[in-house]
Amino acid sequence: MATGCTNGLDTGFIELGYLKVAVLGVVQGITELLPISSTAHMKIVPSLLGWRDPGTAFSAAMQAAAVAAVISYFWSDVRALVFGSVGAVVRRDFSDRHFRMAMYIALATVPLVIGGLIISKALNACNTPLRSLEVIGIASLTMALLMAIAESYCRHTRKYEDFTLKDAMIVGIAQVGALIPGVSRSGSTLTAALFRDFSREDAAKFSFLLGLPAITGAGLKEFYILYKAGIDAYAWSVLGFGLVVASISAFGAIWGLLRILERFSSWPFVAYRGLMGAFLIYAGVTGLLK
């Protein structure tokens with residue numbers, strides 16, 4: 001059985017086995033799509049349970065579960081974007097709203113791709129300081145503050161159909177912040193869309209659809225890296241089991257997020273992130289969590 005580092009890649013999940021990976025798959029699936037940072041929870045939960053860190057490879061590969069959940073939940077929208085865009089190209093109707101939205105999403109993904117290429121080695125390295133409790137805690141507190149400002153001072157009246165290229169690029173640039181552990185991809189994009197005065201539900205919807213190319217690419221890239229690292233069949237089976245569990249919990253997370261935003265706004269996430277950030281900083285400084 002492999003150790004926590006395989007050819008310089010952090011693969012701690014291999015040592016955890018099926019049951020522990022299933023537990024972390026539930027946590028990862030839920031927190032990947034809620035605006036509360038899956039990275040933070042992948043530090044907190046294993047530490048509280050006395051388990052080793054599953055590693056960045058696990059977190060990145062688990063994004064495939066989020067892809068499956070988003071596509072299945074928003075299947076009608078995804079289908080309309082894909083087939084509507086293909087039909088528009090065939091007709092040469094580049095003013096088609098489905099084609100335009102697909103292009104907005106594609107262009108808004110470019111900043112994240114560039115940022116990811118620049119810092120991916122530092123993020124995936126074993127024992128990277130970017131995954132320290134203090135960094136994650138500060139990032140979580142910062143996002144809690146930004147989300148609170150967006151909730152308090154923005155109008156939340158615009159609809160999904162109102163998205164323009166400018167809106168999409170602003171949200172896409174905000175997505176780059178998710179490369180910093182603790183920021184949360186859904187948190188950064190949801191907050192940016194709220195700052196553009198979109199309704200909470202439509203801000204979340206665009207956040208999920210915008211994330212599809214990014215999390216699909218990141219997941220495929222991580223599978224390739226793991227393949228090149230030479231992990232064995234046991235490691236792949238553990239990872240696959242975690243993916244199945246995470247996919248189911250991610251689907252539930254989407255449903256839960258939309259219900260919370262509809263009934264209570266984003267304030268529950270602001271409070272949660274603020275408390276979590278403060279706890280992580282305290283835990284890092286005092287050595288409460290390893």
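Readers should treat all values here as calculations from the given coordinates under stated rules, not as data from a laboratory. Just so it is clear, the model here is predicted, and its values are computed rather than measured. Don't worry about glycine lacking a Cβ; one is built from the backbone with ideal geometry, like all the others, and counts go over all protein chains shown.
Results, tabulated for the structure shown:
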read-out: Charge dipole magnitude, Cβ of K and R +1, D and E -1 - segment 92-251, Cα centre, debye nearest 20; value: 220 debye
read-out: Unit charges at the beta carbon, dipole of segment 5-286: most positive-side option, Thr39, Ala250, Ile260; value: Ile260
read-out: Under 28 Å between alpha carbons - lysine pairs in the chain that sit 8 or more apart or on different chains; value: 16
read-out: For Ala108, net neighbour charge (Lys/Arg +1, Asp/Glu -1) across residues whose Cβ lies under 14 Å away; value: +3
read-out: Cβ charges +1 (Lys, Arg) and -1 (Asp, Glu), total dipole of the chain, debye; value: 220 debye
read-out: Segment 5-286, relative contact order in percent, only Cα pairs under 8 angstrom and at least six apart counted; value: 36 percent
read-out: Peptides 266-273, 70-77, 154-161 ordered by average Cβ neighbours within 10 Å, highest first; value: 266-273, 70-77, 154-161
read-out: Separation of alpha-carbon centers, segment 214-242 and segment 40-61, rounded to whole Å; value: 16 Å
read-out: Residues whose placed amide H lies under 5 Å from that of Asp10, excluding near-sequence neighbours; value: Thr56, Ala57, Cys126
read-out: Full-extension gain in nm, Thr157 to Trp267, via 0.36 nm per residue minus C-alpha separation; value: 37.9 nm
read-out: Approximate spin-label separation Val244-Arg97, in nm, with each point projected 7 Å along Cα-to-Cβ; value: 4.0 nm
read-out: Between 0 and 90°, nearest 10: helix 63-73 axis offset from the chain longest Cα axis; value: 40 degrees
read-out: Choice from Gly172, Gly25, Gly230 showing the highest fluctuation, given a GNM over the chain with Cα pairs closer than 10 Å; value: Gly230
read-out: Net dipole in debye of segment 178-226 [+1 Lys, Arg Cβ; -1 Asp, Glu Cβ; about Cα centre; nearest 20]; value: 60 debye
read-out: Two-decimal ratio, segment 33-77, of alpha-carbon radius of gyration to 2.2 N^0.38 Å; value: 1.40
read-out: Cα-based helix-to-principal-axis angle, 200-229 vs the chain, degrees rounded to 10; value: 40 degrees
read-out: Cα convex hull volume per residue for segment 5-286 (Å³); value: 120 Å³
read-out: Trypsin sites (Lys or Arg not before Pro) within segment 1-107, DSSP loop, no more than 10 other Cβ atoms inside 10 Å; value: Arg92
read-out: Estimated [θ] at 222 nm from DSSP helical runs (n ≥ 4, -39500 (n - 2.57)) normalised by residues in the chain, nearest 500; value: -26000 deg cm²/dmol
read-out: Whole-Å distance, taken between Cα centres, linking segment 155-182 and segment 250-290; value: 20 Å
